[in-house]
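Novice: The structure follows.
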Amino acid sequence: MLALNGLSKYFGGVRAVDGLDLEVREGEIFGLIGPNGSGKSTTVNLICGVFPVTAGEIRFRDRDITRAAPHVCLGAGIARTFQNIRLFGHLSVWQNLWVAQNAMEDRKASGFLNRWFSGSARARAEVESLLDFAGLSGKADDLAANLSFGEQRRLELARALAAKPTMLLLDEPAAGMNMEEIAQLRQRLTALREDGKTILLVEHVMELVMGVTDRIAVLNFGQKIAEGTPEEIQNDPLVREAYLGAPQSAGDGHA
């Protein structure tokens, strides 16, 4: 579904992403992990068209989107959340979802305003469904800025879903959440996969990554050092070295 071929991004002499090959299959939750500064968020920004690509190719559903602008990537079916929450704080919860909807009528010059003021029953039903999914039905009229941190995280996920994507890029969606909220997030991600969504999950909370992903790739200094199932990644000596900062000794069975 998504293929990265030799993807690279250099910032001056810094190789944030360096020759990355990656394939995310349709209908799976694919984890992208690695130490801080390993290139995970940069990879997401390249896929979404936020950063220009230095070298390599990005293909989505056999379409070359290497140089595509963010709105083109969204139109192709890719939506995302951000590492730092970027909601419209001065809008209500339901308004954040309303403006994010990817409706056919919005593609006409006056389409968005007509939908906004006419109160489209279909559009409102979709918003209500998203509010229920995010557990925010009782706070539909609250300002987004007044939500708790965990609620804002849930709203951002729902806002990404409002665009009706086929693929979600989630950049550390569990950051700042407590254990109960992380467990609820795991349930939501599992439900999305069962609903046919494909998810690329960038995350530091290993309990979530290992519990919900089908496959995982590990980055270190912009390069992929391992890829496999959660069990394979947990037992990979290069991954343990990257996270622990020291090579495995000969006596640990990985000589």
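Novice: Output the number of the condition that Thr81 fails; it satisfies all remaining conditions of (1) touching an Asp or Glu at 6+ places or on another chain (Cβ under 7 Å); (2) more than 30 Å from Ser148 (Cβ to Cβ).
Specialist: (2)
Novice: Does Glu207 satisfy being free of Cβ contacts under 8 Å to residues at least 40 places away in the same chain and either of a type in the set (Phe, Trp, Tyr) or closer than 29 Å to Gly6 by Cβ (or both)?
Specialist: Numbers: free of Cβ contacts under 8 Å to residues at least 40 places away in the same chain: yes; either of a type in the set (Phe, Trp, Tyr) or closer than 29 Å to Gly6 by Cβ (or both): no.
In short, no.
Novice: Continuing with this model, one more query. Do the conditions hold for Gly31, that is, is it assigned to a loop (DSSP other than H, G, I, E, B) and under 16 Å from the mean Cα position of the chain (by Cα)?
Specialist: For Gly31, the condition - assigned to a loop (DSSP other than H, G, I, E, B) and under 16 Å from the mean Cα position of the chain (by Cα) - is not met.
Novice: What strands (runs of 3 or more DSSP E), lying completely within region 126-232, carry at least 1 residues that are closer than 24 Å to Cys48 by Cβ and basic (Lys, Arg)?
Specialist: Details: elements: 167-171, 198-202, 215-220, 223-228.
It comes to 215-220, 223-228.
Novice: Determine if region 246-253 includes at least one residue that is polar (S, T, N, Q), surrounded by 14 or more Cβ atoms within 10 Å (Cβ to Cβ) and at pLDDT below 90.
Specialist: There is at least one residue in region 246-253 that is polar (S, T, N, Q), surrounded by 14 or more Cβ atoms within 10 Å (Cβ to Cβ) and at pLDDT below 90.
Novice: Can you find a residue in region 136-154 that is under 23 Å from Glu26 (Cβ atoms) and in contact (Cβ under 8 Å) with a residue 40 or more places away in the chain?
Specialist: Looking through region 136-154, none of the residues is under 23 Å from Glu26 (Cβ atoms) and in contact (Cβ under 8 Å) with a residue 40 or more places away in the chain.
Novice: Just one of Met177, Met206 is closer than 30 Å to Arg124 by Cβ, surrounded by 14 or more Cβ atoms within 10 Å (Cβ to Cβ) and at pLDDT below 95; which is it?
Specialist: Values: Met206 fails: closer than 30 Å to Arg124 by Cβ.
Step by step, each of Met177, Met206 is checked, and only Met177 is closer than 30 Å to Arg124 by Cβ, surrounded by 14 or more Cβ atoms within 10 Å (Cβ to Cβ) and at pLDDT below 95.
Novice: Additional query: Pick out the one residue from Leu87, Leu136, Leu130 that is modelled with pLDDT of 90 or more, buried (at least 16 other Cβ atoms within 10 Å of the Cβ) and closer than 22 Å to Gly196 by Cα.
Specialist: Leu130
Novice: Across region 139-155, which residue is nearest to Ala183 (Cα to Cα) among those that are buried (at least 17 other Cβ atoms within 10 Å of the Cβ) and among the hydrophobic types (A, V, I, L, M, F, W, C)? Before the answer, list the steps.
Specialist: In the first step, residues of region 139-155 are kept if they are buried (at least 17 other Cβ atoms within 10 Å of the Cβ); the result is 139, 144, 147, 150-155.
Filter again for among the hydrophobic types (A, V, I, L, M, F, W, C), leaving 144, 147, 155.
Details: Ala144: 23, Leu147: 19, Leu155: 16 Å.
If we take residues in region 139-155 being buried (at least 17 other Cβ atoms within 10 Å of the Cβ) and among the hydrophobic types (A, V, I, L, M, F, W, C), then Leu155 is nearest to Ala183 (Cα to Cα).
Novice: Let me confirm something: among Gln101, Gln95, which residue is polar (S, T, N, Q), at pLDDT below 95, more than 26 Å from Ser8 (Cα to Cα) and crowded, with 18+ Cβ neighbours inside 10 Å? Let's see the steps before the verdict.
Specialist: Details: Gln95 fails: crowded, with 18+ Cβ neighbours inside 10 Å.
Among Gln101, Gln95, only Gln101 is polar (S, T, N, Q), at pLDDT below 95, more than 26 Å from Ser8 (Cα to Cα) and crowded, with 18+ Cβ neighbours inside 10 Å.
Novice: Here's another thing I want to ask about it. State whether one or more residues within region 156-168 are farther than 14 Å from Ala79 by Cα and crowded, with 22+ Cβ neighbours inside 10 Å.
Specialist: No, region 156-168 contains no residue that is farther than 14 Å from Ala79 by Cα and crowded, with 22+ Cβ neighbours inside 10 Å.
Novice: Answer yes or no: is there a residue in region 55-71 that is touching a residue at least 40 places away in the same chain (Cβ under 8 Å) and over 30 Å from Asp236 (Cα atoms).
Specialist: yes
Novice: Which of (1) free of Cβ contacts under 8 Å to residues at least 60 places away in the same chain; (2) not in a strand (DSSP E or B) does Thr43 not meet, given it meets every other one?
Specialist: Of (1) free of Cβ contacts under 8 Å to residues at least 60 places away in the same chain; (2) not in a strand (DSSP E or B), only one is false for Thr43: (1).
Novice: Would you be able to tell me the number of residues in region 152-169 that are out of contact with any Asp or Glu (no Cβ under 9 Å at 6 or more places or on another chain) and charged (D, E, K, R)?
Specialist: Total satisfying the criteria: 2.
The values are calculated or read from the model by the stated rules, or taken from the named source; none is laboratory data. The shown structure was predicted, so the numbers you read here are calculated from the model rather than taken from an experiment. Reconstructed Cβ throughout: ideal geometry from the backbone, glycine too, with neighbour counts over all protein chains shown.
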